[in-house]
Each structure stands twice: as structure tokens, then as C-alpha cells.
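Working notes, structure below.
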Amino acid sequence: MDDALQQLTALVARLQGPGPRSARRVVLHLMKNRETVLQPLLAALGRVEGALSDCSICGNLDTVDPCRICTDPKRDPGLLCVVADVADLWALERGRLFAGRYHVLGGALSALDGVGPDDLSIGALKARVADGVTEVVLAMNATLEGQTTAHFVAEALEGTGARVTQLAHAAAVGGGVDYRDDGILAQALRLRRPV
Ligand code: ZN
């Protein structure tokens, strides 16, 4: 993750914890600690706001385009992990669990939320897979939407020649970054199986 994003994440982590009264506590905390909390936070927000962009290759959020993951020469170019959202990518990155690169679909198929196949970046994914990817790891969550999306992506990649696998326990991904356990996620990745 970029320095500015890392600083912002560290500053936000220092705010008061979540809960129904947290907004008032956070505002009060910011007002009481103008020099040590509010001003660094405003500066960090400003730095990120001025430079933030979607990676034109994978869909990650970073302050450079292409993102640092896509341009990292140490990553295996034959290994691609498909996630629904940037939050899932960040969860996998937080534990430094995955040695390949990512593809962010931009959501999961959901009739309820009006998300259809055209809303996901499938065309870009197929083009990337055709360009030398040997294994695609689907890291979708265990919900109906997540599994429907996993099947849809696996079908879309049929005929590309790439091996398509998915995490051993789909439940390891999803439900928000804070609910994920790096150990379970690492195991789910290690024990991934063909779709
Ligand atoms: Zn990228």
C-alpha cells in the first residue's frame, strides 16, 4: 500500500472504536486533539484525495496507476486472484498471503442490488487471463451472490486454458475486512481446489 494510504489507515485506526455513539466520540476526539489528530488526518486525507485513482489494470485503489501490485516485479505474473471488491484485495494483502496479482470485479452478481454481468469487469479479466495467466484463484465469499459470481466467472474463463481454483472455505472472504482472520484466509488459500 502507498505511504499516504498507509498513514491514513494508521490515523483512522487511532480514532475511537465503532459503535452507535462512535460518531459523536470521534468528532469530539478530533476537536479535542486538533494538532495531534485532526490536522494530520486532514493532511493525509488531502494527500490521498489529490492522488487517488483506480488501477486501470486490476481495479485496485492506489495513488499511482498502474497500482504498486501490478508493477511489482516480484509477483508471479501467471497467478491471478479474482475478488469482488477492493476490500477483499486489501484483506489478502494485509496478511501478505498471495504472491500473484489481482483482478477486482467491481461487485458480485445480485438481482436484489441490480448488479448484472455487464457491471463486472469480465472482458478485462478474460484479456488478462489470455495474456499468460496459468491459474485463476476465485476469492468470492460464501453468500449466494458470491457463489453465483464464482460460477459465472469460472464459466466465462472456460476455454482460456487457465486452471480455475477457489478458496477452500469461501466463508474466509466476505463480511468486511475486520471480520476476517488472516490464519483462516491463509489456510483457505493454501488448500484451494479446482472449481
Ligand atoms: Zn493494479
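Any read-out appearing in this document is the output of simple, stated calculations on the displayed coordinates, not a laboratory observation. What you see is a predicted model; the values in this text were computed from it and never measured. Glycine gets a Cβ as well: all are built from the backbone with ideal geometry, and neighbour counts include every protein chain shown.
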Inter-probe distance in nm under a simple model that places probes 7 Å from Cα toward Cβ, at LYS32 and ASP72: 3.8 nm
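Give the order of HIS103, HIS29 when sorted by the count of other beta carbons within 10 angstrom, beginning with the fewest. It would help to have the intermediate numbers written out before the result.
On the way: HIS103 23, HIS29 15.
Listing HIS103, HIS29 from fewest to most nearby Cβ atoms yields HIS29, HIS103.
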Taking H as built 1.01 Å from N, whose amide H comes closer than 5 Å to the amide H of ASP62, not counting residues under 5 places away? SER53, CYS55
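Okay, helix-only estimate at 222 nm for the chain: each DSSP H run of n ≥ 4 adds -39500 (n - 2.57), divide by all residues, round to 500 deg cm²/dmol; what do you get? Intermediate results must be reported in sequence, preceding the final value.
Values: 7 runs with 75 residues, N = 195.
After summing the helix terms and dividing by residue count, I get -11500 deg cm²/dmol.
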Quick one: Cα convex hull volume of the stretch 101-173, Å³ per residue? 84 Å³
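Can you give the Rg to Rh ratio of the chain, both from alpha-carbon atoms, with Rh computed by the Kirkwood formula?
On the way: Rg = 18.3 Å, Rh = 18.1 Å.
Ratio of gyration radius to Kirkwood radius for the chain: 1.01.
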Over the stretch 43-122, what relative contact order in percent results from Cα pairs under 8 Å that are six or more residues apart? 24 percent
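When the convex hull of the Cα atoms of the stretch 1-100 is projected onto a plane and the area is averaged over all directions, what value comes out in nm²?
Numbers: hull surface 29.8 nm².
In nm², the orientation-averaged hull projection of the stretch 1-100 is 7.4.
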